[in-house]
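Novice: The following block contains the structure, expressed as structure tokens.
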There are 4 protein chains.
Amino acid sequence: KGGFEMSNQRTMYYGKGDVFVFRTYAKPLEGVKRIPESGFTGRNNVILGTNATIALKGDAFLTSFTEGDNSLIVATDSMKNFMLRHAAKYEGSTLEGFATFVCERFLETYSHIDAVEITCDEIPFDKVEVGGQSGLNESDLVYRHSRNEHATTTVEVKRTANGTEITKQTSGISQLHLIKVSGSSFYGYIKDEYTTLPEAKDRPLFIYLNLDWTYNNVIDAIGSDTSNYVPAEQIRDICATVFNDLENRSIQHLIYEIGLRALERFPQLATIGFESNNKTWEPVVEDIPGSKGQVFTEPRPPYGFQRFIVTREDLEKEGRAASGAAHTAKA
Amino acid sequence: KGGFEMSNQRTMYYGKGDVFVFRTYAKPLEGVKRIPESGFTGRNNVILGTNATIALKGDAFLTSFTEGDNSLIVATDSMKNFMLRHAAKYEGSTLEGFATFVCERFLETYSHIDAVEITCDEIPFDKVEVGGQSGLNESDLVYRHSRNEHATTTVEVKRTANGTEITKQTSGISQLHLIKVSGSSFYGYIKDEYTTLPEAKDRPLFIYLNLDWTYNNVIDAIGSDTSNYVPAEQIRDICATVFNDLENRSIQHLIYEIGLRALERFPQLATIGFESNNKTWEPVVEDIPGSKGQVFTEPRPPYGFQRFIVTREDLEKEGRAASGAAHTAKA
Amino acid sequence: KGGFEMSNQRTMYYGKGDVFVFRTYAKPLEGVKRIPESGFTGRNNVILGTNATIALKGDAFLTSFTEGDNSLIVATDSMKNFMLRHAAKYEGSTLEGFATFVCERFLETYSHIDAVEITCDEIPFDKVEVGGQSGLNESDLVYRHSRNEHATTTVEVKRTANGTEITKQTSGISQLHLIKVSGSSFYGYIKDEYTTLPEAKDRPLFIYLNLDWTYNNVIDAIGSDTSNYVPAEQIRDICATVFNDLENRSIQHLIYEIGLRALERFPQLATIGFESNNKTWEPVVEDIPGSKGQVFTEPRPPYGFQRFIVTREDLEKEGRAASGAAHTAKA
Amino acid sequence: KGGFEMSNQRTMYYGKGDVFVFRTYAKPLEGVKRIPESGFTGRNNVILGTNATIALKGDAFLTSFTEGDNSLIVATDSMKNFMLRHAAKYEGSTLEGFATFVCERFLETYSHIDAVEITCDEIPFDKVEVGGQSGLNESDLVYRHSRNEHATTTVEVKRTANGTEITKQTSGISQLHLIKVSGSSFYGYIKDEYTTLPEAKDRPLFIYLNLDWTYNNVIDAIGSDTSNYVPAEQIRDICATVFNDLENRSIQHLIYEIGLRALERFPQLATIGFESNNKTWEPVVEDIPGSKGQVFTEPRPPYGFQRFIVTREDLEKEGRAASGAAHTAKA
């Protein structure tokens, strides 16, 4: 794995994947603005966990391929050590900041490296409630490892004539799985000799979502001032809210509306993209006497997918360009 | 796969696995007693989801193997249909009840079957909050598919001279992943030429747990009266609470105490068993100036495991035999 | 994980899983008898690879649970080291022999252990051909890691009054996936309101098989004399041959015939068991003009399964009790 | 998932993944040239299996997102049906040809589609030998489903003013796992405060490889004339042969040499790219008295990776530009 490409030059990089970093008692995430769709306002960061991928780039590495000359090679084992030890030195509260910090330290330490790209997939640990004399309380010692959706970010930093530059930065969510049991339809599509799917005026829609977003100013993503930072948890809650509210006519329809809402809510974002999968169940018993319930089963393996990026231009065309008012509506 | 065995006779059965059943608007789970360790008091069962495995047993099936005679074979595809359609007829609120209901209907429908065994692994869907004019509310339409721990149950029902009998019943939790960042130790073990593990007076302990429990009276597990039903969510919260409270000296030590607490809290249980895995991180930076934080990484693949069943006899030996008083202490 | 149980006493053990052992240049497996169904006659064991699980059992471990007393605990990390270092001392050529050797060394080294159970899953490495001046040759340096079926074995050794005893021993194959494109049928089963499966007079049958066998005399499985050792590769080839030859009427029918053939071929085996899964494709285009081809797709998730153990009594009932003549028919 | 992007315009497409297609008795692959590194000269294609992903692109789909207007939507379920039914009509012998055929039929059938992109991952079925009266023979009925490396291809076809054009085409291999037990080194790299890896003058090198290649003329990849078709099996065997022959100083060094050899052997290829992972074992016992064997174990999770594309320019710089002579050296 390691899906990194550089344009305009030969494809050449190397690095380390599955670098698991668990930093305890990192700086809490505070100061994020509250939005109407979400109760999320921060994280204590007692555990900041990530599975990271590091890639080093530079013309200096060419002879390691063509001549087997290792003299300029930073061993990938050393990269792992480098990242782990810098986790102790990181003073921020976000994976975006951490990835950027490590990229910059690499460029600072090894002058023959042209660029560094790091992806951090969050390994989330949920809070748990425990009971005692005084009733139920949130534990400050015990956490639950979550295998549900997680945040992700990619940062690339390049060496320039007079310093470094962030040449790529995205944030996102991987594998958010949401179902709406009623209020979704899918009809009106092309019917021909290849069509066997029946139309649905009301179906339970089960979606898997990957999201990725970019900022107008990258400093909002990576800086220590978190007032314009967009937490993945708030984007997740926008997804659930729009899904709940919209009588959607397809996943296409739904993700476009989620995108508009996210860009409306967060004027600091430039784009928000979606990779969606349709995992909708198949109906088996559609009518149960005396109940509004139904019985469904898992569909066959083939799943529909969509890929779409919503931009600020889309928002403007819809006449919904974000204003401060919208942003603070429920604050 | 399907790991079912019968004692005292030849090993022979067949069935269907990965039977995914999603029943919407099943009867809500209500009437469970509150315990001090947990806020759980019920489930709305808007989605009751399970991945089920069905096995049929009986001497009548022998000729299907020895002679390729299919005349008494219920096709496994039909078994799947049978279970899905009976999901529409099930009027209870638990997977234990559902599994038993389907076993009994199989025996009723096919007189040549001697016994039916069904395992139901829960496919959990979490509630989500959505935001609107009136602030945040729990959605009654949108749910999140969870890939974290899930409940599980196995039931076997046999035909007898005058009816049927439940010959096996267990309930459990699969893959509960909990970490305690401080307050666990492991020292005092045998040191010899094969020992390379350093002692730890305070380590972050990361455990994977599978649990399974049995009732004194199976009717408490499967019946429509849920007042003595033990929800997996409450057992999960007992695990977190005991983990939080105990300065544990090993996983062995911890699971024994969890088992005692569970049997103390639930006098209706006969046993509670544990399969635990140790996934504890490896330390990399143990001291960060100005912080109580540390840096850890994923351990090598080999993981320690434990298997232990705690019984009521253990509780009695400890002088902690459950009383009604203990059970309702925090009610 | 770690599925070990002891009868007649409390369930209590602990151990280490995912112990990966790669021993290079182990003693080649030689001296196995050739059978008509297979070209397999030995392995060079340049790489003997296994993923092992070790469980220690004994009453001495009870206080580690009940009192958190670690003084008799062999750390699971030490178990891993123990097994890895003994891989250097093992002088045999089979995983059965290696597992037994390590069990016995554990009992010898730690007098408070009552029993040791080890499962070794083979990690297979296939031979590859490489080309050169002299044409194609089998490489003695490069091997391909296979993710196809692999051998497996479980051995339990217990301490007795005057030494040790092997109390359990099975050998097997995991995840053999075979398809027969024509020559399988499935019809004549029960038709009722739950039946939607159409009968098939000729279907492509796709099966996943796990097999497990036991010996009359365990020494044939574990000893250094390999003349009665039954290699997993030969059992695999019996499966393919019987599948090829038999016009099967169901998986039940097929596995019974495979079992008879294996017991006929190997009089040293006592039993052979099967866990089979049906992964048969679904037909889409059944008739292509001018071709005997068809088009199929992956089935829905639910899969049929069978579990059956064939015994020597079955062979006798069929009048096919193994003779030396049958065994050496094609030698 | 579905990782397709279009340049120069908005990101928008949708489609179907996990479309499993099994075509029996497809046209055999014949007429490929023999190379010295490989015994591969063709496939019988009794089973041509693939897991396919289909993506449709076109401005006409925009309103399905922005307005929930499904009137121009080809349901993804219909796409699946379309592909399956066209598998019956495909008269060629390669996945490259099949993917192109289906792309073109889509553009022909639906005039509002601008482009179609299809990826086919091979699902390989290996030949097996079975035994009988006449000794061992290759079965023409039974095949083994392989989970080892598989071929893969991606094709994009766009509508143009006067027809269609193939705008993307790659072929490749996924997940080839090879180990060389001796004859690999890694030393001479940067040593600093982050270095803990010991140098190795002779290590067992275990690599995972993904490869992708492009042709000078796409017709060689997709056409019915297979004389310049490059089978994945031959590229696989070049990997094994170069690995066997080269005293490599790193994976970088190795993949560059594999790339040169492949471009030398196949003048019809333009580029060959590598994604390599290092899964090299960790040594435990390095010296066993009386044996050249050693004992190793699985490494920690972090793995090194490389990404590099070798081009014909590289071959020219090395003075090894392919000639007909080289190509037919061992024919």
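Novice: May I ask you to say which residue of D:Gly58, D:Gly135, D:Gly97, D:Gly131 is open to solvent by less than 30 Å² (accessible area, probe 1.4 Å) and in contact with a His (Cβ under 7 Å, 6 or more places away or on another chain)?
Specialist: D:Gly58
Novice: I'm checking my understanding of the structure. Among residues of region C:242-263 that are open to solvent by 30 Å² or more (accessible area, probe 1.4 Å) and not basic (Lys, Arg), which one is nearest to the other protein chains (Cβ to nearest Cβ)?
Specialist: For region C:242-263, the residue satisfying everything is C:Asn244.
Novice: Just checking, does region A:44-67 include any residue being at positive phi and polar (S, T, N, Q)?
Specialist: Yes, the conditions are met somewhere in region A:44-67.
This table checks each residue for (1) in the same structural domain as B:Asp121 (by TED's automatic domain parsing); (2) under 23 Å from the mean Cα position of the chain (by Cα); (3) open to solvent by 30 Å² or more (accessible area, probe 1.4 Å).
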site	(1), (2), (3)
B:Arg23	yes, yes, no
B:Gly39	yes, yes, yes
B:Arg43	yes, yes, yes
B:Ala75	yes, no, no
B:Met79	yes, no, no
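Novice: Hey, among A:Asp237, A:Asp202, A:Asp212, which residue is in contact with a strand residue (DSSP E or B) (Cβ under 9 Å, 6 or more places away or on another chain), in a strand (DSSP E or B) and either closer than 30 Å to A:Asn44 by Cα or open to solvent by less than 10 Å² (accessible area, probe 1.4 Å) (or both)?
Specialist: Of the residues listed, the single one that is in contact with a strand residue (DSSP E or B) (Cβ under 9 Å, 6 or more places away or on another chain), in a strand (DSSP E or B) and either closer than 30 Å to A:Asn44 by Cα or open to solvent by less than 10 Å² (accessible area, probe 1.4 Å) (or both) is A:Asp212.
Novice: Could you tell me whether region D:73-84 includes any residue that is under 26 Å from D:Trp213 (Cβ atoms) and part of a helix (DSSP H, G or I)?
Specialist: Yes, there is a match, as at least one residue in region D:73-84 is under 26 Å from D:Trp213 (Cβ atoms) and part of a helix (DSSP H, G or I).
Novice: Name every residue in region B:264-288 that is open to solvent by 40 Å² or more (accessible area, probe 1.4 Å) and under 25 Å from A:Ile123 (Cβ atoms), in order of residue number.
Specialist: Those that are open to solvent by 40 Å² or more (accessible area, probe 1.4 Å) and under 25 Å from A:Ile123 (Cβ atoms): B:Glu275, B:Lys279, B:Glu282, B:Pro283, B:Val284, B:Glu286, B:Asp287.
Novice: Which count do you get for residues in region A:93-144 that are within 13 Å of another protein chain (Cβ to nearest Cβ), farther than 30 Å from B:Arg236 by Cβ and not charged (D, E, K, R)?
Specialist: Looking only at that region, the number is 9.
Novice: Ok, one more. Report yes if some residue within region B:51-63 is part of a loop (DSSP other than H, G, I, E, B) and closer than 25 Å to C:Tyr187 by Cα; otherwise report no.
Specialist: yes
Novice: Anything in region A:175-199 that is β-branched (Val, Ile, Thr) and open to solvent by 10 Å² or more (accessible area, probe 1.4 Å)? List them, or say none.
Specialist: Across region A:175-199, the qualifying residues are A:Val181, A:Ile190, A:Thr195, A:Thr196.
Novice: Residue by residue through region C:124-174, note down the ones that are more than 21 Å from C:Asn45 (Cβ to Cβ) and either in contact with a Cys (Cβ under 6 Å, 6 or more places away or on another chain) or of a type in the set (A, V, I, L, M) (or both).
Specialist: Result: C:Leu136, C:Val157, C:Ala161, C:Ile166.
Novice: For region B:73-84, give me each residue that is in contact with a helix residue (DSSP H, G or I) (Cβ under 6 Å, 6 or more places away or on another chain) and facing chain C (nearest Cβ under 7 Å).
Specialist: The answer is B:Ile73, and nothing else.
Novice: Another question, then. Could we say that D:Asn45 is more than 8 Å from every other protein chain (Cβ to nearest Cβ), in contact with a Phe, Trp or Tyr (Cβ under 8 Å, 6 or more places away or on another chain) and in a loop (DSSP other than H, G, I, E, B) here?
Specialist: yes
Novice: Name every residue in region C:287-308 that is more than 7 Å from every other protein chain (Cβ to nearest Cβ) and within 18 Å of B:Tyr14 (Cβ to Cβ), in order of residue number.
Specialist: The answer is C:Pro299, and nothing else.
Novice: Which one of these does C:Ile35 not meet: (1) within 10 Å of another protein chain (Cβ to nearest Cβ); (2) open to solvent by 10 Å² or more (accessible area, probe 1.4 Å)?
Specialist: It is condition (2) that C:Ile35 fails.
Novice: Oh, and also: May I ask you to list the residues in region D:216-234 that are outside any loop (DSSP other than H, G, I, E, B) and open to solvent by 20 Å² or more (accessible area, probe 1.4 Å)?
Specialist: Across region D:216-234, the qualifying residues are D:Ile219, D:Asp220, D:Ile222, D:Glu233.
Novice: Which pairs turn up if I take residues in region C:216-241 that are within 14 Å of another protein chain (Cβ to nearest Cβ) and look for partners that are open to solvent by 20 Å² or more (accessible area, probe 1.4 Å) and part of a helix (DSSP H, G or I) with beta carbon separation below 6 Å, at least 6 apart in sequence or on another chain?
Specialist: Between residues of region C:216-241 that are within 14 Å of another protein chain (Cβ to nearest Cβ) and residues that are open to solvent by 20 Å² or more (accessible area, probe 1.4 Å) and part of a helix (DSSP H, G or I), the close pairs are C:Ile238/C:Arg261.
Novice: State yes or no: is D:Gly3 at the interface with another protein chain (Cβ under 9 Å from one of its Cβ atoms), modelled with pLDDT of 95 or more and out of contact with any Ser or Thr (no Cβ under 8 Å at 6 or more places or on another chain)?
Specialist: In short, no.
Novice: Would you mind telling me which numbered condition in (1) part of a helix (DSSP H, G or I); (2) basic (Lys, Arg); (3) in contact with a Pro (Cβ under 9 Å, 6 or more places away or on another chain) D:Arg300 fails?
Specialist: Just one mismatch for D:Arg300, condition (1).
Novice: Can you tell me which residues in region B:141-165 are of a type in the set (Asp, Glu) and surrounded by fewer than 18 Cβ atoms within 10 Å (Cβ to Cβ)?
Specialist: Listed by number, the list holds a single entry, B:Glu165.
The values are calculated or read from the model by the stated rules, or taken from the named source; none is laboratory data. The shown structure was predicted, so the numbers you read here are calculated from the model rather than taken from an experiment. Cβ atoms come from the backbone with ideal geometry, glycine included; neighbour counts cover every protein chain shown. For accessibility, only protein heavy atoms count, side chains too; no ligands or nucleic acids. Shrake-Rupley method; radii C 1.70, N 1.55, O 1.52, S 1.80 Å.
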